[in-house]
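**Q** Okay, here's the structure, questions in a sec.
Just so it is clear, none of the values below were taken in a lab; they were calculated from the coordinates. Please read these numbers as outputs of a predicted model, since none were measured by experiment. Positions of Cβ are backbone-derived with ideal geometry, glycine not excepted, and every protein chain shown enters the neighbour counts.
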Amino acid sequence: MTESVLRARGLTRRYGRGSGMVRAVDEVDLSVPAGESLAIMGPSGCGKSTLLHLLGGLQRPTAGRVWLAGRRLDTMSERSLARLRRDSVGFVFQSFHLMDELTAVENVELAALLAGRSPRQARRRAGYLLDRVGLADRADHLPSALSGGQRQRVAVARALSNEPLVVLADEPTGNLDSAATLEILRLFEDLRTEGQTLVVVTHDSRIAAIADRMITMRDGAFADDSRLAVTAPVHGGWR
Amino acid sequence: MLAMLAKEPAHGYELRGRMRAALGPLGETMNAGQIYVTLTRLAKAGLITSERADGLPDRPDRRVHALTPAGQERVTSWLTEVSWPKPDLTEFHLKLVAAATARLADPVALVDAQRREVMRRLRDAQRTALDRSMDPVAGLLMEGVVLRLRADLEWLEACERMWTTRKAGG
Amino acid sequence: MAGRLLLVCRLLVRDLRRRPIETILLVVAISAATGTLTLGLALNDVADRPYERTRAATAGPDVVARPHTTGQRALAALAPLTTSAGVTGHSGPYPVAFLVMTAHGRTVHTVVEGRDTAPARVDRPVVTEGTWVRPGGVVVERAFADALGVRAGDEVGVDGRRLRVLGTAVTTARPTYPYAGWIDPDSALVERGGLVWVHRADIATLAGARPLSYTLNLELADPDAGAAFVDSATTLHAGELSTWQGIAEQDGRLVADAREALLVGSWLLAALSIAGVTGVVAGRVVGRRRRVGLLKAVGAGPAMVAVVHLAEYLVIGLAAAGIGLAAGLLAAPALIRPSAGLLGVVDTRPPALSTVVAAVSLAVVIATAATLVPVVRAAFASTIHALADAATPPRRRRWRVRLSRRLPVTLLIGIRVNARRPRRARLVTVNTLITTTVLVAVLMNHAQDEPFDLGYTDLVDPRAERTDQALLVLTVVLGVLALLNAVVTTWTAVLDARRPLAVARTLGATPAQAGLGLGVAQLLPAIPGVAAGIPVGLGLYTIVGPGELRYPPDSWLLATALGVLLVGAALTAVPAMVAARRPVADALGSTPA
């Protein structure tokens, strides 16, 4: 078994207290080996987004531990977390979260510049990534001039900017129509085949079907964990 | 298959190629034997004629097949037909009901297992569909398969919700 | 490092360009405050420098002796001074008579000094127009001449004798008009008046039966030892001797009131501008919490986030400080309008460092004070929180909602809109409080206007005139700022309330009700501001102003209060009504950015 990029033990996040307390994530154990693509599915409100935020250090757990590349996230300072996110994690959000005032290429550069790369290096890398997501000709467009699918591709390019250990995606196709979804599916499929470690939280079965492994979440806990990559065993008839 | 001959008469091997192009990856599974068995059946029913081509050995794939008027008529009526195969969900539904009432198994676990299977199929279908080298017309068929599987997954989700609450309530 | 710097600059420039109106509002608000402060501080400089320059040009005395006695007794008292230790030169004693002069039909107290035609060693008044004294003519101190409107060649009457005005001149041996130190021979009280020079030979005739006073100009080895010299003098009281510093101070007093008004005013304006800047910044930061979350998600630490945002406000603050400084320094000479009694008003020397430091600090303090809290809060907020939603959800005030149920629709809408955003309501209160305070203080000042006694006629009191000008400047700047603030709060209120108002309209409220409701929402918090502003304004003037006070009539105060409220309500109601005229679906559909 390869070394785990991402690992969690007894990860718990609660909101509120007393009778109004909600266990968004309840004692979750998880291990994501390098190169694995993992989809976390479940009905809305099952805590899958919260889990992703905990894994990426965007939120702190109420209890439990998280490791990213062997380093504890839950006890880290906000500063170190920021540095870790910058160097090791790429986020893709449902609502893209691009800076409206920056052009596509400037948005992609953002992470590299924050990481202290020189402007020239950052620009070269951004150009390469935009070309990779098929948007080289849109580099100087503002997000408002791009379609939903194009914006999300810019966001993916930005997430890849610092060659992250893991890409965390939260409903990446949630705001897209089916044609745009296809663009993103292709992109994620490419990432998977290249061996990029991926964690996608979604209720879109199409994006989940990209993954090698699928976890179903129910009420903050894992209900089912299956590897899709293994060829289907002979199982109960269907139709 | 009759419809594939509607354009013009064709050799058996041409016919097989046409079928494959239209079905895309799904056509890969179709072997030559199946095609010739079907052609023979159609000839017996009087829907096609098959003639030996000149200067070629008399082998099924070297014969030229063409539609008879009855065959033409059959194609036309096939095109206007609106029947739609209905997916058979009853069996799985009964499985769940039986598992729950007779306490044979946890219906939610059955749903999970079934979902795994459907996801696996979805994954395979989708990988094929995403292949950029695929002919777009054949891709359309894959798209249909993907959509059907997604519908099944949604239904499984509904089953899950129902049986989770049943389990919790009872 | 270069990359990060580039990033900060890029974000800064883009953001400023994206929101030009807000940027301009911020610059205007901050520069108004720094400009007023600069003006207040600069007045001192502007007043001091011409005195020094004139002193150098006229070989001004270090100490001036003006005994209260007359005739031989005065000359006897002055005699030992010329040989006292530390005295290196002198001129005089010159005869002085306290008479009246009539010019253009106005009769005023006039100090008449008899001089020689030849220039003296100490105190050589610089002739600014015409020529110096000769028998039969009179030279008028320039500020005095300005006030009376006389020029070389005019004729004036001194105690009934007609004399031709030979010219105008400036000196530093006596304070300029109206503090030339006219002494009533009967009561020995010093009164206001101006200075003229005549030929020494003419003065006896002019004075007639009245005894002559004398004045002696001294030059000391150490010009700064004046105070010690005054203390050591034995033949004269301290009150009969003036150092050049004392005279300079008296000249400066002309603008002292104006300066004080401007300084106090600039603090009020600073408060007003903080209120305004807070309003704008709060709107901006709320709009950018998502941006903060995003920066954090891609790996910016709290420090970076804070730098990105603070840098922007610092740039705005510094730009505004520059504009304010320039405006204040340009306006200062106009306000001090030559102490005409002195030379060289237009000064090319750079402003005092302390003034620059004060103005820049004020701007930076305003910019940071208004931004620090929201920016820091945003920087340390949970990333997810920041990403999820822009605005803090409106608060619910139960009692207000319950109370408003019993009121007419317009009031109901008004109270509920306010209950949503209590902090903004507080800004409105502060805004009206300060506005009313300043207006009331101005009214108070106006009520103090009393006839300016120059013996037989009333002339404009240059001191009050300058205070009035200062207050005018203050009022105009304040008006601009207050309007600006009102527009900002109104604008954000209209944006924020667009959706609830649209919902109210789908439920049957008319556009007019919705618009007026918003007007009411702005008006309600303004009422306590106005109510408190009146006593605060009166109190402030009592503390800062002169001893004896007269209060403006109540009707004036009432009119001011109503005026402030009306303007505020009108400012809101108009854009609100315009917004309310838009189709409901538009407002419902458009998400507040």
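**Q** Rank by packing, highest mean first: peptides A:40-49, A:166-175, with packing defined as the count of other Cβ atoms within 10 Å averaged across residues.
**A** Per-residue Cβ counts within 10 Å, averaged per peptide and sorted highest first, yield A:166-175, A:40-49.
**Q** Within 10 Å of each residue's Cβ, count the other Cβ atoms and sort C:His104, B:His65, A:His203 from fewest upward.
**A** Going from sparsest to densest Cβ surroundings: C:His104, A:His203, B:His65.
**Q** List the aspartates and glutamates whose alpha-carbon lies under 16 Å from that of B:Lys7, not counting same-chain residues fewer than 8 positions away?
**A** B:Glu73
**Q** Please enumerate, by chain and number, the aspartates and glutamates with C-alpha under 12 Å from the C-alpha of A:Lys48, excluding those fewer than 8 residues away in the same chain.
**A** Of all the aspartates and glutamates, those that pass the test against A:Lys48 - Cα under 12 Å, at least 8 places apart if same chain - are A:Asp26, A:Asp170, A:Glu171, A:Asp219.
**Q** Something else: So how strong a dipole does the stretch A:4-227 carry about its Cα centre when Lys and Arg Cβ are +1 and Asp and Glu Cβ are -1, to the nearest 20 debye?
**A** Dipole magnitude for the stretch A:4-227 comes out near 820 debye.
**Q** Next question, about the same structure. C:Val96: net charge of surrounding residues, Cβ under 15 Å, Lys/Arg +1, Asp/Glu -1, itself excluded?
**A** -3
**Q** Residues with beta-carbon under 10 Å from that of C:Val122, excluding C:Val122: net charge, scoring Lys, Arg +1 and Asp, Glu -1?
**A** Here the charged neighbours net out to -1.
**Q** Give the cross-link partners of B:Lys95 among the lysines, using a straight C-alpha distance below 24 Å as the criterion and excluding same-chain residues fewer than 8 apart.
**A** Within reach: B:Lys86, B:Lys167.
**Q** Sticking with this one: Calculate how steeply helix A:119-132 sits against the longest principal axis of the alpha-carbon atoms of chain A, using the helix alpha-carbon long axis, and give the answer as 0 to 90 degrees to the nearest 10.
**A** On a 0 to 90 degree scale, this one is about 70.
**Q** Expressed as a rounded percentage, what relative contact order does the stretch B:90-169 have, with Cα pairs under 8 Å and six or more residues apart?
**A** Taking the mean separation of contacting Cα pairs over the length of the stretch B:90-169, I get 31 percent.
**Q** Can you give me the relative contact order of chain A as a percent, contacts being Cα pairs under 8 Å and 6 or more apart?
**A** Over chain A, the number comes to 28 percent.
**Q** When only Cα pairs under 8 Å and 6 or more residues apart are kept, what is the percent relative contact order across chain B?
**A** 21
**Q** Give me C:Ile527, C:Ile413 sorted ascending by neighbouring Cβ count inside 10 Å, so fewest comes first.
**A** C:Ile527, C:Ile413
**Q** Between the stretch B:122-146 and the stretch C:1-44, how many Å separate their Cα centres?
**A** Taking the Cα centre of the stretch C:1-44 as reference, the centre of the stretch B:122-146 is 56 Å away.
**Q** Can you give the % of DSSP beta bridges in chain A that are antiparallel, to the nearest 5?
**A** That works out to approximately 55 percent antiparallel.
**Q** Let me ask something additional. If neighbour count is taken as other Cβ atoms inside 10 Å, put A:Glu3, A:Glu78 in order from fewest to most.
**A** Going from sparsest to densest Cβ surroundings: A:Glu3, A:Glu78.
**Q** Under a Cβ-Cβ cut-off of 13 Å, what is the net charge of the residues other than A:Asn162 that fall near it, where Lys and Arg count +1 and Asp and Glu count -1?
**A** +3
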